[in-house]
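One structure is given below, encoded as structure tokens.
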């Protein structure tokens, strides 16, 4: 038996229970992994509340973890017992001391990356990779707008985009977070609680607008984000921290400059194993060379995951948060 955080109904953090679960042996194509660390991500809240439904209830939460292979199922040749691995992928179930997971959703960890760092970087880091390198391929000379620049994904995107030669404009909610964003690559920081971010973006860009907006906030920022784009710019909506983006008439995109809009997910971009391996490899490369620093700014015992959810929802966290079994 092992312990895991499971929910028996959708709702607030109070529905999360620390309870014993039966793990069993890995089936064909599976690994049994003992976690050294588990990642905390906003998608975990979406699963807990039912915004993104789970296959069935009760269910163990969590999309990201790192640890050591304990057992290998039939047909698995890429991994062996004792290998260090990490993942950021369905099936949901990372909030556990031990879990079963399909081997094709797991990647081998470089020696230089420990479990805590891996659990802090896989989902957020591969999200940064596909956003910057595939959804809109950021080039030297581009100016980009990044909301929630002091969050886990935000700190990685801002460093990576600056490394690529882009000018990074970030929005944050406080002066403390503004300092953090500047220290991680943002050239211009807007404190949205007292500044109009649309006006400031237009001022910074001499009225031209930005090439791309990366928006994980949703309802509060979506329409304003469209007004920050240059003609033919791309709006990338990849989260709903303030609630789902509002419905709108598609003709608005034409009126605002023939804009592009996409709502991408990491799961689509890494559905093929070759894409998963390529994404992880590029992430390991920029982290390994020091171009992107992964900072764990909060840790919680896995048993206290509900408190971590409360802090994340209240926007009290910065950078990455790791849960420790």
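The values are calculated or read from the model by the stated rules, or taken from the named source; none is laboratory data. Predicted model only: the values in this text are computed from it and were never measured. Cβ atoms come from the backbone with ideal geometry, glycine included; neighbour counts cover every protein chain shown.
Return a yes/no flag: does the stretch 147-163 have any residue that is assigned to a loop (DSSP other than H, G, I, E, B), at pLDDT 95 or above and over 18 Å from the mean Cα position of the chain (by Cα). No - not one qualifying residue is present in the stretch 147-163. So if I check each of 282, 304, which one is outside the structural domain of residue 154 (by TED's automatic domain parsing) and under 21 Å from residue 324 (Cα atoms)? Of the residues listed, the single one that is outside the structural domain of residue 154 (by TED's automatic domain parsing) and under 21 Å from residue 324 (Cα atoms) is 304.
The set of residues from the stretch 274-303 being part of a helix (DSSP H, G or I) and loosely packed, with under 15 Cβ neighbours inside 10 Å comprises 274, 277, 281, 285, 288. Collect the residues in the stretch 109-128 that are within 15 Å of the chain's Cα centre (by Cα) and surrounded by fewer than 24 Cβ atoms within 10 Å (Cβ to Cβ), keeping them in residue-number order. Within the stretch 109-128, 117 is the sole residue that qualifies. Among residues of the stretch 40-54 being at pLDDT 95 or above and more than 15 Å from residue 310 (Cα to Cα), the one that is surrounded by the most Cβ atoms within 10 Å (Cβ to Cβ) is 54.
Does any residue of the stretch 131-145 turn out to be in a loop (DSSP other than H, G, I, E, B), closer than 18 Å to residue 294 by Cβ, modelled with pLDDT of 95 or more and outside the structural domain of residue 276 (by TED's automatic domain parsing)? There is no residue in the stretch 131-145 that is in a loop (DSSP other than H, G, I, E, B), closer than 18 Å to residue 294 by Cβ, modelled with pLDDT of 95 or more and outside the structural domain of residue 276 (by TED's automatic domain parsing).
Where residues in the stretch 304-314 are under 15 Å from the mean Cα position of the chain (by Cα) and at pLDDT below 95, which of them is surrounded by the most Cβ atoms within 10 Å (Cβ to Cβ)? Filtering first and then ranking leaves 312. Scan 284, 248, 222 and give me the residue that is under 27 Å from residue 103 (Cβ atoms) and either in contact (Cβ under 8 Å) with a residue 40 or more places away in the chain or out of contact with any strand residue (DSSP E or B) (no Cβ under 6 Å at 6 or more places or on another chain) (or both). It is 284. Strands (runs of 3 or more DSSP E) fully within the stretch 1-64 that include at least 1 residues being more than 22 Å from residue 109 (Cβ to Cβ): 2-7, 16-21. Note on the stretch 247-273: among residues that are in contact with a helix residue (DSSP H, G or I) (Cβ under 8 Å, 6 or more places away or on another chain) and assigned to a helix (DSSP H, G or I), the one that is nearest to residue 107 (Cα to Cα) is 273.
Results for (1) closer than 30 Å to residue 14 by Cα; (2) within 21 Å of the chain's Cα centre (by Cα), shown as yes or no for each residue.
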{"position": "36", "(1), (2)": "yes, yes"}
{"position": "52", "(1), (2)": "yes, yes"}
{"position": "57", "(1), (2)": "yes, no"}
{"position": "74", "(1), (2)": "no, no"}
{"position": "80", "(1), (2)": "no, no"}
{"position": "91", "(1), (2)": "yes, yes"}
{"position": "94", "(1), (2)": "yes, yes"}
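Condition first: in a loop (DSSP other than H, G, I, E, B), out of contact with any helix residue (DSSP H, G or I) (no Cβ under 8 Å at 6 or more places or on another chain), buried (at least 20 other Cβ atoms within 10 Å of the Cβ) and modelled with pLDDT of 95 or more. Can you find one or more residues in the stretch 65-87 that meet it? No, the stretch 65-87 contains no residue that is in a loop (DSSP other than H, G, I, E, B), out of contact with any helix residue (DSSP H, G or I) (no Cβ under 8 Å at 6 or more places or on another chain), buried (at least 20 other Cβ atoms within 10 Å of the Cβ) and modelled with pLDDT of 95 or more. Scanning the stretch 7-39 for residues that are in contact (Cβ under 8 Å) with a residue 60 or more places away in the chain, under 30 Å from residue 218 (Cα atoms) and surrounded by 14 or more Cβ atoms within 10 Å (Cβ to Cβ) turns up 13, 16, 37, 38, 39.
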